[in-house]
1. For segment 10-30, name all the residues that are open to solvent by 20 Å² or more (accessible area, probe 1.4 Å) and assigned to a helix (DSSP H, G or I).
2. Considering Lys47, Lys11, which residue is farther than 29 Å from Val177 by Cα and not aliphatic (A, V, I, L, M)?
3. Identify, please: which residue in segment 174-200 is of a type in the set (A, V, I, L, M) and assigned to a helix (DSSP H, G or I) and is, among those, farthest from Trp253 (Cα to Cα)?
4. Yes or no: segment 121-132 includes at least one residue that is in contact (Cβ under 8 Å) with a residue 12 or more places away in the chain, hydroxyl-bearing (Ser, Thr, Tyr) and more than 30 Å from Phe186 (Cα to Cα).
5. Quick one: would you say Leu184 is buried (at least 19 other Cβ atoms within 10 Å of the Cβ), in contact with a strand residue (DSSP E or B) (Cβ under 8 Å, 6 or more places away or on another chain), more than 26 Å from Asn17 (Cβ to Cβ) and touching a residue at least 12 places away in the same chain (Cβ under 8 Å)?
6. Report, by residue number, each residue of segment 131-148 that is within 25 Å of Asp61 (Cβ to Cβ), of a type in the set (D, E, K, R), surrounded by 13 or more Cβ atoms within 10 Å (Cβ to Cβ) and out of contact with any Asp or Glu (no Cβ under 6 Å at 6 or more places or on another chain).
7. Give me a count of the residues in segment 158-173 that are of a type outside the set (Phe, Trp, Tyr), surrounded by 14 or more Cβ atoms within 10 Å (Cβ to Cβ) and in a loop (DSSP other than H, G, I, E, B).
Amino acid sequence: ALHESSTRHDKPFVAVNCASIPESLIESELFGYTAGTFTGARSRGMKGLIVQAHGGTLFLDEIGDMPLHLQTRLLRVLSEHEVLPLGADRPIRVELTVIAASHRDLRPLLAAGSFREDLSYRLCGATLPLPALRDRRDPGELIELILREEAEHLDTRAYIADEALELLERYEWPGNVRQLRNVLRFGLALSDGEGIYPEHLPPEVTAPPVLLLLPPAPGAAPVVSVPQAPPVRSMTRPPEAERLLAALQEHRWNITAVAAQAGQ
């Protein structure tokens, strides 16, 4: 959204997950290399991701996982606006905007010396905290937005019943938006375009809260608070739906594995 609303929106947007690239490869991936730099390198060399983002935006996800020695090289890129590929003699001029994100609090990393303080000052021109999904004030709007996106992708109707929406809004979402997207994709697949109801949601969403044992007052019997589970619409599933549900339970709700078993 930041890139699309900027004056660089027609320029490259390059996203890098610093935690997913092996430490032995992240330097060559980011900065690139010249031909014959190391064994197994491409014969013509490789343009690094930083150079690929020239003129546009470089998004560094999980910046807190970047190795310390690469933080030094990144700091030079931000300070001098130039990058030196591995094996090169002359730097390449780059002009870009850098956006960094991290699920880790950088303050303990700074105190431990595993993240450079001067790099944090370079990156933190503005800090935007992103709340967990359970803390957002607009869960309904976000659910509707993602539902439309997933329905369009599956070429089906985007409709969710009020009782199903209430369950989704009340759920804690430990997996945040990624989990929400998978749950909605699952619901759309089971509902077959007829609208998502509670029975189309996975069990972890529809399960009632855990029973709470309240401490008794002196001389009184323990009190058990039993939260009432929301009513679930009864429905007789066709045999195809029963087979699909059994396969999903067998594969622990891994949609990819179920699709592979079905030959899709």
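The values are calculated or read from the model by the stated rules, or taken from the named source; none is laboratory data. These figures come from a predicted structure and were not determined experimentally. Virtual Cβ from ideal backbone geometry, glycine too; neighbours counted across all protein chains shown. For the accessible areas, the whole protein counts, side chains as well, though only heavy atoms, and no ligand, DNA or RNA atoms are used. Shrake-Rupley method; radii C 1.70, N 1.55, O 1.52, S 1.80 Å.
1. Result: Glu23, Ser24, Leu25, Glu27, Glu29.
2. Lys47
3. Here is the first cut: in segment 174-200, the ones of a type in the set (A, V, I, L, M) are 177, 180, 183-184, 188-190, 196.
In the following step, the residues that additionally are assigned to a helix (DSSP H, G or I) were identified as 177, 180, 183-184, 188-190.
Numbers: Val177: 17, Leu180: 14, Val183: 10, Leu184: 13, Leu188: 14, Ala189: 12, Leu190: 12 Å.
Among them, the one singled out is Val177.
4. No, the conditions are met nowhere in segment 121-132.
5. Numbers: buried (at least 19 other Cβ atoms within 10 Å of the Cβ): yes; in contact with a strand residue (DSSP E or B) (Cβ under 8 Å, 6 or more places away or on another chain): yes; more than 26 Å from Asn17 (Cβ to Cβ): no; touching a residue at least 12 places away in the same chain (Cβ under 8 Å): yes.
In short, no.
6. Arg136, the sole residue that qualifies.
7. Total satisfying the criteria: 2.
Each row is one residue, and each column tells you yes or no for (1) assigned to a helix (DSSP H, G or I); (2) of a type in the set (A, V, I, L, M); (3) open to solvent by less than 30 Å² (accessible area, probe 1.4 Å); (4) farther than 20 Å from Asn17 by Cα.
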position: Gln71; (1), (2), (3), (4): yes, no, yes, no
position: Leu75; (1), (2), (3), (4): yes, yes, yes, no
position: Ala88; (1), (2), (3), (4): no, yes, yes, yes
position: Val98; (1), (2), (3), (4): no, yes, no, no
position: Leu109; (1), (2), (3), (4): yes, yes, yes, no
position: Ser114; (1), (2), (3), (4): no, no, no, no
